[in-house]
Amino acid sequence: MKRTTSVIRRAVLAAAVVALAVGCTPEAAGPGGGGASPTTQAPKATTSAPTDAPTATPTTDDKPPSPSATPSTGAPAPKALMGDGDETEQVRELQARLRQLGHFDRAPTGFYGTMTAASVTAFQKKQGLPGTGSVDETTWQRLLTASRKPTADELKPSTTNQLDTPDARCMTGRVLCISKESRTLAWMIDGRVVSSMDVRFGSENTPTREGTFSVGWKARKWTSTIYHTPMPYAMFFSGGQAVHYSADFAARGYNGASHGCVNVRDKAKLSALFDQVKPGDKVVVHW
């Protein structure tokens, strides 16, 4: 009898060890390596209150409303067709149509950023729509009715893009202030714009890095050692990435892209800028 009892006790102990090991495994392998997964929670005691006890579950009235439903009707929120961070030809058309109506004061870029959101909000409020800053089907249809189909020149004008509000990092010292949203480069000294020019950037596969840098070195005549393409008036600021003139940009505009550099299409403006910029001057690339 004693031997049987001993065997049973050893079997129960072994089962407990196995159960503990299985419970720890998901925790160690969980997201972030630290958070316990639901399977690691201790089992409830068998003496816990029955599920129909008053404190077991909240009533339906205690549950917060669904975040996707409106308080009055419970209908789902309108689906956004375009919003912050999008970069498409439809966004370019949106900007061109807003520009026709005086809500967008620069050349279309195809990128949906803070300036586009503010323009959309202004249009929505004028139309008596909620000022969400993103484009849903109702907003888009109102805009189509209020404007006309943009011409090719309206979608991709050859004129210089208008500058946006300078980034705060550009307000002191000598700075090449480069905005991806407005696609402009502003040469600034102590918060004053000395000159500006259109620029384009790298593609999705070879993006132009963002941040605060400084001009490391300059070369009036340079050819890429990787792509073997000319890079006149190159001002290097981040490894192999530089501000430089691009004949392809001058010819094809925004139909092309760089390999990560900041391309300038106005050779005369860049030539004058090249003579003014010194190694060590700040470079800020931002949205």
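Each reported figure results from applying straightforward, stated rules to the coordinates on display, with no laboratory input. Note that the structure is a prediction, hence the values are computed from the model and not measured. Here Cβ is always computed from backbone atoms with ideal geometry, including for glycine, and neighbour counts include all displayed protein chains.
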Next item on the list: Could you list which residues have their amide H under 5 Å from that of Ser195, counting only those 5 or more apart in sequence or on another chain, with H placed in the peptide plane?
Entry: Trp187
Checklist line | Whole-number D in µm²/s for segment 161-271 (Stokes-Einstein; Kirkwood sum over Cα pairs; 37 °C, 0.692 mPa s) | finding: 233
Check: In what sequence, highest mean first, do 217-229, 250-262 appear when ranked by Cβ atoms within 10 angstrom?
Finding: 250-262, 217-229
Checklist line | For segment 112-185 versus segment 272-287, the gap between their alpha-carbon centres in whole angstrom | finding: 26
Next item on the list: About the Cα centre of segment 73-163, how large is the charge dipole given +1 on each Lys and Arg Cβ and -1 on each Asp and Glu Cβ? Please answer in debye to the nearest 20.
Entry: 320
Notebook entry, point to check: Which value in Å is the Kirkwood Rh of segment 81-155 over different Cα pairs?
Noted result: 11.8
Item checked: Volume in Å³ per residue [convex hull over Cα atoms, computed for segment 94-202] -> 113
Margin query: So if each residue of separation counts as 0.36 nm, and I subtract the Cα-Cα distance between Ser224 and Thr206, what length gain in nm does that give?
Written below: 5.0 nm
Note to self: With +1 on the Cβ of every Lys and Arg and -1 on the Cβ of every Asp and Glu, and nothing else charged, how large is the dipole of segment 168-286 about its Cα centre, in debye rounded to the nearest 20?
What the structure shows: 220
